[in-house]
Amino acid sequence: MSSLIFLFCILVALAVFGRTIYLRIRVLMAVQPAPRFDQIGRRIRAVLVYAFGQKKFVVGEQPAGWMHFFIFWGFLVLSLQIITMFGRGFSPHFFIPGFRPEQLGGVFLLCRDLMELIVGVAVLAGLYRWWFSHPRRLFGFAPAEERHLKQSHGEAALILIFILTIMATGLLYDAGRLVYQAGEPASEIERAWEPVSAWISRGLASWGSDWARVLSTTAWWIHNLVVLIFLNLLPRSKHFHIITSIPNVFFRKLEPVGALQKMDLESAENFGTSRINQFNWKQVLDMYSCTECGRCSSHCPATMSGKALAPRQLLLDLRDYLYQKQQQVISGRGSDGNEEVGDVIVGEKLIHDDVLWACTTCRACEEACPVLIEYVDKIVDMRRHLVQDEARFPAELVKTFNGMETHSNPWGIGAHRRVEWAQGLEVPLIADHPDAEYLYFVGCAGSFDDRNKKTTAAFVRILKRAGVDFAILGTEEPCNGETARRLGNEYLFQNMARHAIEVLGQHHVKKIIVNCPHCFNTFKNEYPQMGGKFEVISAAELISKLLAEGKLSLQASGDPQKLTYHDACYYGRYNEIYDLPRSILKSLPGIELSEMERHKETGMCCGAGGGWMWMEEPQDKRVSHLRVDQAMETRSEGIAVSCPFCMIMLSDGLKSKDAEEKMHMVDLVELVDRSMKP
Ligand code: SF4
Ligand code: SF4
């Protein structure tokens, strides 16, 4: 009879679960396509590293990271236990084939027993965080996560209590059996492999065999019913990630992470994303997979500087709205996103404009996310709608877009002034030196901004001293359009990219040197989408090569000084260039490097990316001020950078804090220039 009741419970639970999952899958099939079925080997490797290896947890914040590691592995081991417990509903001595104690099962019993204890302790630590320590990362960051802060977090605690119950009842079930089956040969073998259950059974022995049987049976029922309820809570809660996170890691973005998706402007009917069904299935899978851990928001410079954006809140708003409109999304299947499902989500209704404009596209959120959720593409897709469909963007950008369109630079300075920095330096023009091995693409900041012009001149001195065969485009040099793309103006970007590729093609350029991470990322990762394929070399890479080849040699350039290095997002997280600039700094005589707490993968943006170079940040919410504070904590005398935008933003930060006497700004190439032996 009890087997029949249990079978009924399983069938009901599976039917409800199956229907929920079926609808979630239908949503994935109803939204837009995304090509994520290539490079299977790399995808499997990502699953091994990030899902089974739990890389982001293990190298991330502790002890929460290890806690999650044990919960994850505990669940894998315990899934075998759950199958065993379910089987016992129909056969009291059921074991998964091959897992009897005298077979492989001894090791399994030991792992399971220990895991039940470890996961139980990890859950207690989790409950302490939810009930007592209330970390902001879990509860929400004001003001951008006001809604998350106010929502009940009871569900998280409930799920933890469920997990704790599953662990505790698993141990009690086995401990009870060891009491009432004492003396049976099979039971004694089990006892030898179950130290925790055996220890509990010693406490239960005084209750007598009958009570131990009642306790064990009750624990078995509670265990299995909680598992069935838990199963049905998963797809309705943040714990859906238990099912979706492995596929989400498998389908991660593999093309260069720094490349935004190219829009097909010829055939597109929507110029960006403004309806919930216009996201693609991978973006929806991201929404399903969020664990609500808050690592993204805790690393986001916009959230930290008090702006309206917090990536977690953005994703949860989209996810909740998607669930609300699930049926409509399914009905609109195959609509190419033209079907008007729900409201326009960009604007007053859901994702406010200032949330989207606050993003610096720094990718700190993506780097921090344990389940590899992607943000920048979603945010830029929604910006594309604002700019291209509604022509709605911050007023300052009118000048930026005009400048790019009419003078091919975001400052809007006349193109004839592009080479003023080169006066007296005798820099070869590619028109006069068409066979030059390298084209030095100076970039708009290096050409027009007074502070960065000094860096440009320093780099040219290095190239000349080392005998590099190079030339520049001079007044022919166009802007590559990076800013327009990050700001959502894909139309302008594609026009500018086509023009730049044409100019470079006319001069048969093959190798491009840059001293700007934004130019680097655009040429290297995005121009191939437009048919422009070049070998792109950063200043740090070239200088390293010149030093290694003995074409440059260095000496002390003055007093020894302690510097901290600020990673540019578009070299660091976008292109994993972390060590090269550091190794150059360390090779400079007299320079001592002191790292900020946030450096390399966790480095913080200067506040210029994503077009913020040309937008007005409120004085009290400036990202650069936060970053300068972090730099000052190192008690260094200067901040070294490899990016003209970082140079401008952090110089501004130092100035606003009246700290220019205490710290100075310097570009890496300036340090090399000063240290070159005559
Ligand atoms: S890319 Fe940077 S600014 Fe944008 S949401 Fe992520 S962390 Fe925040
Ligand atoms: S997006 Fe990633 S990092 Fe952010 S809350 Fe969700 S799981 Fe955590």
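The values are calculated or read from the model by the stated rules, or taken from the named source; none is laboratory data. This structure is a prediction, so every number in the text was calculated from the model and none was measured. Here the Cβ is made from the backbone with ideal geometry for all residues, glycine too, and neighbour counts use every protein chain on show.
Has region 145-160 got at least one residue that is among the aliphatic types (A, V, I, L, M) and over 24 Å from residue 246 (Cβ atoms)?
Yes, some residue in region 145-160 is among the aliphatic types (A, V, I, L, M) and over 24 Å from residue 246 (Cβ atoms).
Please find, among 620, 652, 567, 629, the residue that is at pLDDT 95 or above, over 26 Å from the mean Cα position of the chain (by Cα), acidic (Asp, Glu) and more than 25 Å from residue 466 (Cα to Cα).
652
Find the helices (runs of 4 or more DSSP H) located wholly in region 281-331 whose residues include 2 or more that are more than 15 Å from ligand 2 (Cβ to nearest atom), and list them.
Filter on region 281-331 gives 311-324, 326-331.
Sort out which residues of region 166-194 are more than 19 Å from residue 94 (Cβ to Cβ) and modelled with pLDDT of 95 or more, and write them in order of number.
168, 179
Residue-by-condition table, conditions (1) in the same structural domain as residue 302 (by TED's automatic domain parsing); (2) of a type in the set (Asp, Glu); (3) surrounded by 19 or more Cβ atoms within 10 Å (Cβ to Cβ):
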{"site": "601", "(1), (2), (3)": "no, yes, no"}
{"site": "625", "(1), (2), (3)": "no, no, yes"}
{"site": "644", "(1), (2), (3)": "no, no, yes"}
{"site": "649", "(1), (2), (3)": "no, no, yes"}
{"site": "664", "(1), (2), (3)": "no, no, no"}
{"site": "670", "(1), (2), (3)": "no, yes, yes"}
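Where the second residue is within 16 Å of ligand 2 (Cβ to nearest atom) and modelled with pLDDT under 95 and the first is in the same structural domain as residue 329 (by TED's automatic domain parsing) and of a type in the set (Lys, Arg) and lies in region 344-365, which pairs have Cβ atoms under 8 Å and are six or more apart or on separate chains?
363/257
Report, by residue number, each residue of region 636-661 that is in a loop (DSSP other than H, G, I, E, B) and hydroxyl-bearing (Ser, Thr, Tyr). Break it down stepwise before answering.
If we filter region 636-661 for residues that are in a loop (DSSP other than H, G, I, E, B), which is where we start, we get 636-637, 642-643, 657-661.
636, 642, listed by residue number.
Can you give me the number of residues within region 409-418 that are surrounded by fewer than 20 Cβ atoms within 10 Å (Cβ to Cβ) and either part of a loop (DSSP other than H, G, I, E, B) or within 16 Å of ligand 1 (Cβ to nearest atom) (or both)?
4
Given (1) within 21 Å of residue 316 (Cα to Cα); (2) exposed (fewer than 13 other Cβ atoms within 10 Å of the Cβ), identify the lone condition not met by residue 133.
(1)
Go through (1) over 23 Å from residue 554 (Cβ atoms); (2) assigned to a helix (DSSP H, G or I); (3) of a type outside the set (Asp, Glu) for residue 471 and report which single condition fails.
(2)
Please give the number of the condition residue 298 fails out of (1) among the polar types (S, T, N, Q); (2) within 16 Å of ligand 1 (Cβ to nearest atom); (3) without any contact (Cβ under 8 Å) to a residue 40 or more places away in the chain.
Among (1) among the polar types (S, T, N, Q); (2) within 16 Å of ligand 1 (Cβ to nearest atom); (3) without any contact (Cβ under 8 Å) to a residue 40 or more places away in the chain, residue 298 violates only (3).
Residue by residue, here is whether (1) outside the structural domain of residue 361 (by TED's automatic domain parsing); (2) free of Cβ contacts under 8 Å to residues at least 60 places away in the same chain; (3) over 16 Å from residue 500 (Cβ atoms) holds:
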residue	(1), (2), (3)
415	yes, no, no
419	yes, yes, yes
426	yes, yes, yes
434	yes, no, yes
444	yes, yes, no
452	yes, no, yes
460	yes, yes, yes
464	yes, yes, yes
